[in-house]
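Below is one structure, written out as structure tokens; the observations come after it.
The values are calculated or read from the model by the stated rules, or taken from the named source; none is laboratory data. Since this is a predicted model, take the numbers as computed values, not measurements. Positions of Cβ are generated from backbone atoms using ideal geometry, with glycine treated the same way; all protein chains shown enter the neighbour counts.
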Amino acid sequence: MEIQVAKRIHVSYANTISETITSSAQVRGTGIARRTPEYIQKKIESGDAIIALDGEKFAGFCYIEAWGHEKYVAHSGLIVAPEYRGIGLAKKIKTQIFKYTQQKYPTSKIFGITTGLPVMKINYDLGYKPVTFSQLTDDPAFWKGCQTCKNYDVLTRTNRTMCLCTGMLYDPKAKNNGIVGRIQSFKNAFKRDKK
């Protein structure tokens, strides 16, 4: 299995990626916004995507979107082909795109919205914290992307203050991000208590 930054040669997978996202939304019955093959192609060509391949076979994908003049960055479209689910591939893809984003957008806050518990756990392990939607980007273009989600009416009825998704945010300036940061904060608190 090779997980890498997607390049132009990977554009041929755009239809498969789009179809996999759409079919996953139907099977899960939860809100997953559709991604067109053309949009996925743009993300691949701009160097803002990670793809997992098993030889020549598509296995997984995720891409980066920048919002609010790169103050915020989101990871979107995380998908694993059905035959590769349950082996930890989503976590590997998400970890790789997280590290890549930190290199490409070092000062940006990284966020995501999801209804999936496994993605929430992965995000938490990477240092994301659950937040209200008001702490995420206010860029209308981001929220427009939710229009194809079956839960969009919930988002609009609440004036984008809540939905069925959970908002999660990683702030590179915050202390105690990730497991290592949390362990260090516990150690520091223990040292203070011993004194």
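Checked against (1) surrounded by 15 or more Cβ atoms within 10 Å (Cβ to Cβ); (2) touching a residue at least 40 places away in the same chain (Cβ under 8 Å), Lys150 meets all criteria but (1).
If you check Gly112, Gly88, which single one turns out to be of a type outside the set (A, V, I, L, M, F, W, C) and in contact with a helix residue (DSSP H, G or I) (Cβ under 9 Å, 6 or more places away or on another chain)? Give the derivation first.
Working: Gly88 fails: in contact with a helix residue (DSSP H, G or I) (Cβ under 9 Å, 6 or more places away or on another chain).
Exactly one residue qualifies, and that residue is Gly112.
To keep it simple, each residue is scored yes or no on (1) farther than 25 Å from Gln96 by Cα; (2) at pLDDT 80 or above.
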residue	(1), (2)
Gly127	no, yes
Val131	no, yes
Thr137	no, no
Lys144	yes, no
Thr148	yes, no
Val154	yes, no
Arg157	yes, yes
Cys165	no, no
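Summed over segment 110-125, residues that are touching a strand residue (DSSP E or B) at 6+ places or on another chain (Cβ under 7 Å) and either modelled with pLDDT of 90 or more or not in a strand (DSSP E or B) (or both) total 4. Determine whether segment 126-139 contains at least one residue that is touching a helix residue (DSSP H, G or I) at 6+ places or on another chain (Cβ under 9 Å), closer than 28 Å to Phe58 by Cα, assigned to a helix (DSSP H, G or I) and free of Cβ contacts under 8 Å to residues at least 60 places away in the same chain. Checked against the condition, which is being touching a helix residue (DSSP H, G or I) at 6+ places or on another chain (Cβ under 9 Å), closer than 28 Å to Phe58 by Cα, assigned to a helix (DSSP H, G or I) and free of Cβ contacts under 8 Å to residues at least 60 places away in the same chain, segment 126-139 yields at least one hit.
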